[in-house]
Amino acid sequence: MNNFLEATMLVCFGLSWPISLIKNIKAHSAKNMSFRFTALIILGYLAGISAKLMSGTINYVLVIYIINLVVVCMNLVVYFVNKSYDKKLKLV
């Protein structure tokens, strides 16, 4: 039951990342994006993955952590791409 509840939390929280990614790609600007916030989320997912690996709890929940981490990292890549757009347009 604990794994199911943890997975539910991760799925609910993780559904926001693809939405954010699409919005950020369409925006072509890093003006409303936060590097620190995104880096903090990545750190949190890395901590969750580390906890699963250290406890030997390698199951479907770990896969959800990894999927969420990948999508958040994609948001970080978009941040840097959008930051370069902003520099070209002198919005920074």
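The values are calculated or read from the model by the stated rules, or taken from the named source; none is laboratory data. A quick note: this is a predicted structure, and the numbers were derived from the prediction, not measured. Accessible surface areas use protein heavy atoms only, side chains included; no ligands, DNA or RNA. Shrake-Rupley method; radii C 1.70, N 1.55, O 1.52, S 1.80 Å.
Things worth noting here:
- Degrees between helix 2-14 axis and first principal axis of the chain (Cα, 0 to 90, nearest 10): 10
- Between 0 and 90°, nearest 10: helix 60-89 axis offset from the chain longest Cα axis: 10
- In the chain, lysine pairs with alpha-carbon atoms under 30 angstrom apart (chain gap of 8 or more, or interchain): 13
- Carbon + sulfur, % of accessible area of the stretch 43-92 - ligands and nucleic acids excluded, 1.4 Å: 75
- Summed over the residues of the chain and divided among them, the accessible surface reaches 68 Å² per residue at a probe radius of 1.4 Å.
- Prolate/oblate/rounded call for the chain, Cα gyration tensor, a/c under 1.5 rounded: prolate
- Length-normalised contact order of the stretch 13-92 in % [C-alpha pairs under 8 Å, at least 6 apart]: 51
- Relative to the dominant Cα principal axis of the chain, helix 16-27 is inclined by about 10°.
- Alpha-carbon centroids, the stretch 42-92 and the stretch 1-33: separation in whole Å: 10
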